[in-house]
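The values are calculated or read from the model by the stated rules, or taken from the named source; none is laboratory data. This structure is a prediction, so every number in the text was calculated from the model and none was measured. Every residue, glycine as well, gets a Cβ built from its backbone with ideal geometry; the counts of neighbours run over all protein chains shown. Ligands, DNA and RNA are stripped out before the accessible areas are found, and what is left, the full protein with its side chains, is counted by its heavy atoms. Shrake-Rupley method; radii C 1.70, N 1.55, O 1.52, S 1.80 Å.
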Amino acid sequence: MKKINLYFQFYKNKFAFPLALSLFTLFSLKIMTLAVLTLAAITFLIWFYQKFINDKKNQTLYFYYNLGLTELKLYTFLFIINMIVLISINIGIKWMF
């Protein structure tokens, strides 16, 4: 239970913007493929910025490393959570209309 709380704490800090932007793309254009590409691209840009530009010594994720969570696990889990939310909202849109 403690690790799931850590995942969601990381989720609140890093992945609200990609999900919001992909949902905006989905609602405005109603093209799921473009929304998924937007989610993947923004997630990659956040990872790239965090890894190479903002924190060159990789010190911001030491808290998670010390508790047994790697960077790949964090980003993969949270990308999957965002995809589940995006797909369920897309299904809801298709079901409503």
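Before moving on, here are some points about what is shown:
- Selection within region 52-76 - open to solvent by 40 Å² or more (accessible area, probe 1.4 Å) and in contact with a Leu (Cβ under 9 Å, 6 or more places away or on another chain): 63, 67, 70
- Hits in region 10-35 - residues which are at pLDDT 90 or above, open to solvent by less than 50 Å² (accessible area, probe 1.4 Å) and closer than 30 Å to residue 68 by Cβ: 18, 19, 22
- Checklist (1) without any contact (Cβ under 8 Å) to a residue 60 or more places away in the chain; (2) part of a loop (DSSP other than H, G, I, E, B) applied to residue 95, failing item: (2)
- First in region 74-87 and closer than 15 Å to residue 7 by Cα and free of Cβ contacts under 8 Å to residues at least 40 places away in the same chain, second anywhere and part of a helix (DSSP H, G or I) and open to solvent by less than 20 Å² (accessible area, probe 1.4 Å), Cβ under 8 Å, 6 or more apart: 75/43
- Count - residues of region 1-23 that are more than 14 Å from residue 83 (Cα to Cα) and part of a helix (DSSP H, G or I): 12
- Only one of 48, 44 that is open to solvent by less than 100 Å² (accessible area, probe 1.4 Å), in a helix (DSSP H, G or I) and of a type in the set (Phe, Trp, Tyr): 48
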